[in-house]
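Notes follow once the structure below has been shown.
The values are calculated or read from the model by the stated rules, or taken from the named source; none is laboratory data. All values derive from a computational prediction rather than experimental measurement. Every residue, glycine as well, gets a Cβ built from its backbone with ideal geometry; the counts of neighbours run over all protein chains shown. Keep in mind that these areas ignore ligands, DNA and RNA; they rest on the heavy atoms of the full protein, side chains included. Shrake-Rupley method; radii C 1.70, N 1.55, O 1.52, S 1.80 Å.
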Amino acid sequence: MRAAVISGNGATPVLQDFPEPTAQDGSVLIEVDTAGLGGWDVLGAYRLGVEYPCVIRGEGVGRAEDGRRVYFGERSLAPWGAWAERTIVPSAEVWDVPDDIDDRTAITMGIAGTGILIPLEAARIQPGERVLILGATGVLGQIGLQLARNLGAGQVVAAARNQAGLDRLMERGLADAVVAMGGENDTEALRVASGGEGFDVVLDLVFGKPFLSAVKATKWGARLITIGTGAGRVVELNIGDLLFRTLTCIGTGQRPPADREAIWRRLLAMQKEQALEVDYLEFEFSNAAEAWAAQVSGPHAKITAKLR
């Protein structure tokens with residue numbers, strides 16, 4: 001079968017022939033229709049404990065052997081993955097897709113959607129509160145801005161380094177204000193964006209220096225939740241800046257499959273009710289290497305590819 005194969009750590013995927021997966025107890029063989037790619041694929045999925053060559057893990061929608069249309073996350077059995085004509089996935093990680101949900105939505109709400117809804121609900125946003133999202137131009141940020149407003153935020157502010165991406169958020173009406181990070185005084189820029197009041201909630205997708213700037217732009221009682229480390233994993237923090245504030249680090253992938261599926265189904269219902277918007281970039285499967293390069297560069301969109 002044809003598959004996008006990674007030959008080693010840091011290597012660009014190459015479309016080539018790859019051995020077919022075979023049936024295993026407790027797993028489902030899937031004919032892949034649409035594959036998705038995310039930051040977790042290029043940032044960390046192949047760093048440690050991976051045997052090469054392997055297929056891009058990703059996530060996808062396809063058909064199980066019994067004809068069911070199903071979604072599956074980045075849990076394909078090694079060395080297979082979503083970026084192949086066929087893959088094999090543990091049964092608990094294979095979820096039936098409702099007929100009125102398209103492939104792209106099913107994929108986007110799988111990892112990105114659940115990854116942003118859980119921390120936002122943990123923040124317990126109160127009506128009218130000011131919410132800041134750091135690293136807001138990506139897929140998680142786009143969903144997060146909309147969910148924060150739907151959870152009662154009075155003001156949602158997007159912060160990131162990419163001005164074009166921020167302008168796009170404003171054009172779509174997803175943010176009340178934006179802040180381009182990397183200026184002379186990011187803390188002051190954030191504080192001004194909050195109306196001088198400081199933020200009640202910070203959803204941090206990047207950590208590093210942007211996080212340090214955001215902490216100083218919060219008010220007493222603020223809840224800060226970190227779920228990503230794209231701007232750095234280590235900071236030198238003055239504990240006084242956290243006085244009367246709380247900082248939490250949340251991961252979503254460690255939850256049991258049944259819990260993640262239930263959250264995914266809630267998000268599918270939200271999508272139907274609230275028409276959540278996400279930018280997409282669709283590639284031909286034959287251009288898997290180009291799709292990978294786009295993800296590495298930070299596409300500010302969900303990358304998908306049709307296989308059939």
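Details
- Residues (within 19 Å of ILE250 (Cβ to Cβ) and either assigned to a loop (DSSP other than H, G, I, E, B) or open to solvent by less than 10 Å² (accessible area, probe 1.4 Å) (or both)) located in segment 205-221: LEU205, VAL206, PHE207, GLY208, PHE211, ALA214, VAL215, THR218
- Every residue from segment 255-304 that is more than 15 Å from ILE107 (Cα to Cα), of a type in the set (S, T, N, Q) and in contact (Cβ under 8 Å) with a residue 40 or more places away in the chain: GLN274, SER286, GLN295
- Filtering segment 243-262 to residues that are at pLDDT below 95 and open to solvent by less than 50 Å² (accessible area, probe 1.4 Å) leaves ILE250, GLY251, THR252, GLY253, PRO257, ARG260.
- Remark: ARG172 matches the filter, which requires a residue to be open to solvent by 10 Å² or more (accessible area, probe 1.4 Å), touching a residue at least 60 places away in the same chain (Cβ under 8 Å) and among the charged types (D, E, K, R).
- Some residue of segment 83-91 being part of a helix (DSSP H, G or I) and either open to solvent by 10 Å² or more (accessible area, probe 1.4 Å) or touching a Pro at 6+ places or on another chain (Cβ under 6 Å) (or both): yes
- Of all residues making up segment 78-113, the number that are at pLDDT 95 or above, farther than 11 Å from LEU268 by Cβ and in contact with a Leu (Cβ under 9 Å, 6 or more places away or on another chain): 9
- Answer residue from segment 9-25, given it is over 24 Å from the mean Cα position of the chain (by Cα) and open to solvent by less than 30 Å² (accessible area, probe 1.4 Å) and is farthest from VAL94 (Cα to Cα) among those: PHE18
- Condition met for LEU117 (assigned to a helix (DSSP H, G or I) and open to solvent by less than 50 Å² (accessible area, probe 1.4 Å)): yes
- Counting only strands (runs of 3 or more DSSP E) that sit completely within segment 1-67, those holding 1 or more residues that are farther than 30 Å from ALA231 by Cβ, in contact with an Asp or Glu (Cβ under 9 Å, 6 or more places away or on another chain) and at pLDDT 90 or above correspond to 2-6, 27-37, 59-64.
- In this entry, ILE56 passes the filter for residues that are among the aliphatic types (A, V, I, L, M) and in contact with a Leu (Cβ under 9 Å, 6 or more places away or on another chain).
- Within segment 275-293, the set of residues being under 20 Å from LEU151 (Cβ atoms) and exposed (fewer than 13 other Cβ atoms within 10 Å of the Cβ) comprises just one member, ALA275.
- If you filter segment 50-64 down to residues that are free of Cβ contacts under 8 Å to residues at least 40 places away in the same chain and charged (D, E, K, R), you find that the one that is least open to solvent (accessible area, probe 1.4 Å) is ARG57.
- The criterion of being surrounded by 17 or more Cβ atoms within 10 Å (Cβ to Cβ) and touching a strand residue (DSSP E or B) at 6+ places or on another chain (Cβ under 8 Å) holds for GLY198.
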